[in-house]
Structure formats: C-alpha cells, structure tokens
Amino acid sequence: MIVAENLTKRYGSTTAVDDVSFTVRPGQVTGFLGPNGAGKSTTMRMIVGLDAPSAGRVSVGGHRYTQSRSPLTEVGVLLDAKAVHTGRSARVHLRAMAATHGIANTRVDEVIALTGLEAVAGKRAGKFSLGMGQRLGIAAALLGDPQTLILDEPVNGLDPEGVRWVRQLVRHLAGEGRTVLLSSHLMSEMSQTADHVIVLGRGRVIADAPLPDLVRAWTRNEVLVRTPRASDLAGALGSPDVTVTDAGDGGLLVAGVSARAIGDLAAERGIPLHELTPRTGSLEEAYMALTEGAVQYKTKEIA
C-alpha cells in the first residue's frame, strides 16, 4: 500500500505538488492521471525518495521507501527507461542490479523472457529503440518480484502487442494482491486497465475515485438517433428532463431518456428510425471535463 499524507514539494517560488493526500491500495490497478506539469512525476519521485518532500510524508508498505532493507524486492519502479548504462547489454545491466540484492541470475533470465527481450539481451542498451528500452525498464522493475509496482508511462513507445501485454501484466499482478500505481496519457488504454483513478491538476488532487464512478460523475449518456423526421421526433421528446441537440445529417443526440423509450415513442408516432445508438461516457471525456481548468500548457484549437 502507498499512502501519501499532505505531500508538498516546492522548487523556489514554484509549488509543484500542493498538499496531496491519497492511498493506493493492493489488489487493484490505480491510474495516476493529470495534464503535463500537474505534478505526477514529482509525486512518484517523492514516493521512492528521489525528491524530498517540502512538507508531508509518503510511505510504501508502512514505511518510507528509503528505509527499505531490500528495495528491489519491495518496490519495482520505472520512472525513466533511459536510466541505464548505455554501454552495458540488457543482461549485464539486469545482472548488476540483481547482484546488489543477491538475486539469482535465473531470475534475470526469467524477466528477460517475460518482457520479450531474449533476442536482444546481449545487445548494448544504448542501441535500444524507445520500445525496447521500456521493456528493459519493466524487466528491471519486476526483477525482485516486488509487492508494489510504480510505473510512469510504461507503454510509451510500445507497439500494440506490447501495450496489450503491459495491460495484461499489471492486471495479473494486481489480481495477485499487489499494489500497482500506473501513470499514462493514453485514456483509452487506462480505461481498459485501471480500477481506480487519481487525477492531479496544478499540483492538487482533483479526483480520487473508482473509474466507473468518475466517468458517471463527469459525463452523460446519450442516444444518437437518425430519422428523416428529426423535427417531429424532437418535438415528441420535448420534456424538462430531456435534452435534444442537432448532430447533423438528420441526426439527434438525446440525453435523459433511454434508447428503448425513444424507439417505443417513435413507433407510436409512426416515425421511421434509421439509427438508434446508445453512447456511454468515456474516461477521456470525463478527464477532459475534469481537467479543463487545470491545464497548465494549453494549445490553440484548430478550426
């Protein structure tokens, strides 16, 4: 379990993390989300002792990470896949890490096989592609078979097979009762992976909830309806609880009533329907709505 209590980090006059508190529980994948500059990476660095908090505290497994007697076997961490001696091969890099904790070379071979590095294990890590570097970083995080896993953007640079493999891996590890904290900007992937979501914005926690609850709270379900008699259907649906908006091309977006009720009403009025498609809210929509006022670096919309 990871517990952050009133965690704050200041760099001069800049507050990167501002009074952040949360708990990452075992047995589930916790997604760690937020815009660029929100404080996610700084928070992860404080969890593993790479940055000292200006105030507050954070523990992993009941104590500070820096107090761990055997860090690799307690916490597996991927914060920067490039943090590797570029002149060493993947196998030598992992064996050097393993030697610091008395981990057998057979375990090195296991994680090499698990992460798909067997064909390049003898090659210099400095020559690796971004995706292969990520796999090596994940192998290093798994080396000690830890109970807690902290991964910052682990699917960055991976191909679709690799992305799916990471998803299956972290869900499997969480299913074994381990604690998994996972950061990613890929909302579609996070929606398939995370059970719980913590969202930072401008250094503060702006959401901390099970993923389905977050989506329900920040999106609305709609039904896309297409009919040659759109105006007639819109009039028939008129109600204070129902919202009807023009979707173009004879289409209506209807909120506040189910697809079944729309179909029944259209049948009663003799209105033909060419499409009747329920649309549920997505994590991406919820995230965009939630962080709208917390984006530090905004881009100009393209007309």
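The set of residues from the range 1-51 being among the β-branched types (Val, Ile, Thr) and farther than 21 Å from THR193 by Cβ comprises VAL3, THR8, THR14, THR15, VAL17, VAL20, THR42, VAL48.
Here ALA83 clears all of (1) farther than 17 Å from ILE206 by Cβ; (2) over 18 Å from the mean Cα position of the chain (by Cα); (3) of a type in the set (A, V, I, L, M); (4) modelled with pLDDT of 95 or more except the condition numbered (4).
Is there a residue in the range 127-145 that is in the same structural domain as SER183 (by TED's automatic domain parsing), closer than 16 Å to VAL75 by Cα and surrounded by fewer than 18 Cβ atoms within 10 Å (Cβ to Cβ)? Break it down stepwise before answering.
The initial filter retains those residues of the range 127-145 that are in the same structural domain as SER183 (by TED's automatic domain parsing), namely 127-145.
Then drop every residue that is not closer than 16 Å to VAL75 by Cα, which leaves 137-145.
Applying the additional criterion that residues be surrounded by fewer than 18 Cβ atoms within 10 Å (Cβ to Cβ) yields 145.
The answer is yes; a qualifying residue exists.
Here the range 17-43 is the region considered, the condition is being at pLDDT 95 or above and of a type in the set (Gly, Ala, Ser), and the residue that is farthest from ARG171 (Cα to Cα) is SER21.
Looking only at the range 65-78, decide whether some residue is assigned to a loop (DSSP other than H, G, I, E, B) and closer than 23 Å to ILE112 by Cβ.
Step one: filter the range 65-78 for residues assigned to a loop (DSSP other than H, G, I, E, B), giving 68-70.
Checking which are closer than 23 Å to ILE112 by Cβ leaves us with 70.
Yes; the residues of the range 65-78 include at least one that is assigned to a loop (DSSP other than H, G, I, E, B) and closer than 23 Å to ILE112 by Cβ.
Only a single criterion out of (1) in contact with a Gly (Cβ under 9 Å, 6 or more places away or on another chain); (2) surrounded by fewer than 20 Cβ atoms within 10 Å (Cβ to Cβ) is not satisfied by ARG95, namely (1). Residues of the range 270-286 that are within 16 Å of ASN221 (Cα to Cα) and in a loop (DSSP other than H, G, I, E, B): THR280, GLY281, SER282. What are the pairs with Cβ atoms under 7 angstrom where one residue, in the range 172-188, is more than 19 Å from ASP208 (Cβ to Cβ) and polar (S, T, N, Q) and the other, located anywhere, is modelled with pLDDT under 95 and surrounded by fewer than 19 Cβ atoms within 10 Å (Cβ to Cβ)? Sequence gap at least six, or different chains. Once the first residue is more than 19 Å from ASP208 (Cβ to Cβ) and polar (S, T, N, Q) and sits in the range 172-188, its partners that are modelled with pLDDT under 95 and surrounded by fewer than 19 Cβ atoms within 10 Å (Cβ to Cβ) give SER188/GLU284. Residues in the range 194-219 that are more than 26 Å from ALA16 (Cβ to Cβ) and of a type in the set (Val, Ile, Thr): VAL215, THR219.
Scanning the range 79-91 for residues that are outside any loop (DSSP other than H, G, I, E, B) and in contact with a strand residue (DSSP E or B) (Cβ under 9 Å, 6 or more places away or on another chain), which turns out surrounded by the fewest Cβ atoms within 10 Å (Cβ to Cβ)? First the steps, then the outcome.
The first filter runs over the range 79-91 and keeps only residues outside any loop (DSSP other than H, G, I, E, B), leaving 89-91.
Applying the additional criterion that residues be in contact with a strand residue (DSSP E or B) (Cβ under 9 Å, 6 or more places away or on another chain) yields 89-90.
On the way: SER89: 18, ALA90: 27.
The selected residue is SER89.
Yes or no: THR227 polar (S, T, N, Q) and surrounded by 14 or more Cβ atoms within 10 Å (Cβ to Cβ)? Steps first, answer last, please.
Values: polar (S, T, N, Q): yes; surrounded by 14 or more Cβ atoms within 10 Å (Cβ to Cβ): yes.
For THR227, the condition - polar (S, T, N, Q) and surrounded by 14 or more Cβ atoms within 10 Å (Cβ to Cβ) - is met.
Considering LEU265, LEU214, LEU233, which residue is touching a strand residue (DSSP E or B) at 6+ places or on another chain (Cβ under 6 Å), outside any loop (DSSP other than H, G, I, E, B) and surrounded by 11 or more Cβ atoms within 10 Å (Cβ to Cβ)?
Values: LEU265 fails: touching a strand residue (DSSP E or B) at 6+ places or on another chain (Cβ under 6 Å); LEU233 fails: touching a strand residue (DSSP E or B) at 6+ places or on another chain (Cβ under 6 Å).
From the options LEU265, LEU214, LEU233, the qualifying one is LEU214.
From the list VAL205, VAL197, exactly one residue is touching a strand residue (DSSP E or B) at 6+ places or on another chain (Cβ under 6 Å) and crowded, with 22+ Cβ neighbours inside 10 Å. Which is it?
VAL197
One line per residue, one yes/no per condition, for (1) under 30 Å from LEU265 (Cα atoms); (2) touching a Pro at 6+ places or on another chain (Cβ under 9 Å); (3) assigned by TED's automatic domain parsing to the domain that holds GLY37; (4) of a type outside the set (Asp, Glu):
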position: GLY201; (1), (2), (3), (4): no, yes, yes, yes
position: ILE206; (1), (2), (3), (4): no, no, yes, yes
position: VAL215; (1), (2), (3), (4): yes, no, no, yes
position: VAL225; (1), (2), (3), (4): yes, no, no, yes
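Scanning the range 10-62 for residues that are crowded, with 19+ Cβ neighbours inside 10 Å and of a type in the set (Ser, Thr, Tyr) yields THR30, SER41, THR42, THR43.
For the range 204-241, name all the residues that are touching a residue at least 60 places away in the same chain (Cβ under 8 Å) and under 16 Å from GLY34 (Cα atoms).
Of the residues in the range 204-241, the ones touching a residue at least 60 places away in the same chain (Cβ under 8 Å) are 204-208, 211, 214-221.
ARG204, VAL205, ILE206, ALA207, ASP208, LEU211, LEU214, VAL215, TRP218, listed by residue number.
The values are calculated or read from the model by the stated rules, or taken from the named source; none is laboratory data. Predicted model only: the values in this text are computed from it and were never measured. Backbone-built Cβ (ideal geometry, glycine too); neighbour counts: all protein chains shown.
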